[in-house]
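Visitor: Pasting a structure here, questions to come.
The values are calculated or read from the model by the stated rules, or taken from the named source; none is laboratory data. Everything quoted here is computed from the prediction, not taken from an experiment. So basically every Cβ, Gly included, is an ideal-geometry build from the backbone, and we count neighbours across all protein chains shown. These accessible areas exclude ligands, DNA and RNA; they are computed on the full protein's heavy atoms, side chains included. Shrake-Rupley method; radii C 1.70, N 1.55, O 1.52, S 1.80 Å.
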Amino acid sequence: MSSIPAKEIHWSTTATARPECSSLEGDTTADVIVIGGGLTGCRTAVGLAEAGMSVVLLEAQDIGWGASGRSGGQCNPVWRQTPEELAQQFGDARAQILVNTTLRAADDLFRDIEHFGIECDAVQTGWVQAAHTRQTRRALEHLHAGWTQAGARIDLLEGDRVETLSGSPAYRFALFHQAGGHVHPLSLTRGYARAAQARGARLFCGQPVLSMERRDGHWKVSTAKGSVSAAQVVQTTNAYTGASPLPGLDKTFFPLVSIALATEPLSESQRASVLPDAVTLSDTRLAIYFCRYDRDGRLIFGCVGSSEHIGKMASARLLKGLHTVFPQLRDIGLERTWGGRIAVTPEMMPHIHEPEPGLTAALGFSGRGIAMTSVMGRALTRKVLGEPESSLPFPVQAVNPIAFHGPLKALIPMAAPAMSAKDRFDSAIGGL
């Protein structure tokens, strides 16, 4: 077993080349400014550029530096709520748009990848969503009934069928979402960015936005060395949203942490017993376990963490999870561990905000980012192009900070151990 896995984020070691991204200097203009060079921002930029708009994208670090370059890369295309529950939450008309969009989400993502010619190790072999207790089995059965009635391609798996498809003896009931899959998340983000550049978008990296102000119907967005003026601004900084330049936006979600490891490449015999059909896998724990292969046969395994820094406790949580799900890999070597933030909203659904005319913000994918950032990017493109808000899959809402956000956010480091303890208790009293 590797004792000290490398600190470097795994995806950065295998990604396609960075797109050229200069530093903003001086003043310039555009039709639209996109703030944030992750999946949502880059997908929005390429959509707008393809529609003929002049686009400037501003990224404080590098393209895909945040959650988009740190995620598990799993395309899990169904919400935690049933269509009926979405109707109760959003109303019948909005829910129907969201349901129809969700049913197409995975296929639309993989069509995007083909359309833009993105090399990102895309694999669409399905997603196994496994129950870890009798109670969560009932929840998955409820989810299956609701979504299959709406037209989703989801199979029920029981007993040995679960182990045959997943390679794990830890589960006896699961849903198999045929449309699911996985991608190299950083390569996908960079691919969107290059496609946007090829259509005329300008990318500027390495400087955070310091201020935004509206003058004479236009927005002026300034960094340390330059500024951009445009009629519209779209902010897509998600879990790495700070307190400025849009006050209150960082208090509409909680920045939870996802941690992951990459094993050494599995042998042929090991791959025959672990995810033998290269599906993705996640379960119903609060401190969710998730896994998939990368292109070289390494297993990527993750769970909820307390910090982006992977210390002894986080490493122990990852290893315990790996050995629980795949005891046959107890002696596998590790190459890397890493962590990143995910934006989780109280509703476990993304938000679109429009605090002022011409200023739109979108965030909060709550663990569904690979499929739903693509959905959001297309929705933001349509919104900027003038489609009515009623046609979008997500409602446009006011920026409403979560009550007691500060004290609750301070408790986040305690969330992972608390959720893990609850999972152990639930498994002890209600295991399958």
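Visitor: Collect the residues in segment 187-196 that are open to solvent by less than 10 Å² (accessible area, probe 1.4 Å) and within 17 Å of I9 (Cβ to Cβ), keeping them in residue-number order. Write out each step before concluding.
Guide: Step one: list which residues in segment 187-196 are open to solvent by less than 10 Å² (accessible area, probe 1.4 Å), which gives 187-189, 191-193, 195-196.
Selection gives S187, L188, T189.
Visitor: On the given criteria, is V162 modelled with pLDDT of 95 or more, open to solvent by less than 30 Å² (accessible area, probe 1.4 Å), among the β-branched types (V, I, T) and in a strand (DSSP E or B)?
Guide: Numbers: modelled with pLDDT of 95 or more: yes; open to solvent by less than 30 Å² (accessible area, probe 1.4 Å): yes; among the β-branched types (V, I, T): yes; in a strand (DSSP E or B): no.
For V162, the condition - modelled with pLDDT of 95 or more, open to solvent by less than 30 Å² (accessible area, probe 1.4 Å), among the β-branched types (V, I, T) and in a strand (DSSP E or B) - is not met.
Visitor: Follow-up question, since we're still on this one. Of everything in segment 69-98, what is within 18 Å of E389 (Cβ to Cβ) and in contact (Cβ under 8 Å) with a residue 24 or more places away in the chain? Give them in sequence order.
Guide: Residues satisfying the conditions are Q89, F90, A93, R94, I97, L98.
Visitor: Specify the residue that is nearest to S427 (Cα to Cα); the eligible residues are those in segment 282-302 that are without any contact (Cβ under 8 Å) to a residue 60 or more places away in the chain and touching a Phe, Trp or Tyr at 6+ places or on another chain (Cβ under 8 Å).
Guide: Y289
Visitor: Looking at (1) in contact with a Leu (Cβ under 9 Å, 6 or more places away or on another chain); (2) modelled with pLDDT under 95; (3) not hydrophobic (A, V, I, L, M, F, W, C), which one does S427 not meet, given that it meets all the others?
Guide: Only one criterion in (1) in contact with a Leu (Cβ under 9 Å, 6 or more places away or on another chain); (2) modelled with pLDDT under 95; (3) not hydrophobic (A, V, I, L, M, F, W, C) is unmet by S427, namely (1).
Visitor: Here is a further query. Would you say T148 is part of a loop (DSSP other than H, G, I, E, B), over 17 Å from the mean Cα position of the chain (by Cα) and under 20 Å from L281 (Cα atoms)?
Guide: Details: part of a loop (DSSP other than H, G, I, E, B): no; over 17 Å from the mean Cα position of the chain (by Cα): yes; under 20 Å from L281 (Cα atoms): yes.
When the stated conditions are applied, T148 does not pass them.
Listed here are the residues, each with its yes/no results for (1) in a strand (DSSP E or B); (2) over 21 Å from the mean Cα position of the chain (by Cα); (3) under 20 Å from Q81 (Cα atoms).
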| site | (1), (2), (3) |
| --- | --- |
| M348 | no, no, yes |
| M372 | no, no, yes |
| V375 | no, no, yes |
| R378 | no, no, no |
| G406 | no, yes, no |
| A415 | no, no, no |
| K422 | no, yes, no |
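Rundown of residues vs (1) assigned to a loop (DSSP other than H, G, I, E, B); (2) farther than 19 Å from P169 by Cα, yes/no style:
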residue: L281; (1), (2): no, no
residue: G297; (1), (2): yes, yes
residue: A314; (1), (2): no, yes
residue: L319; (1), (2): no, no
residue: L322; (1), (2): no, no
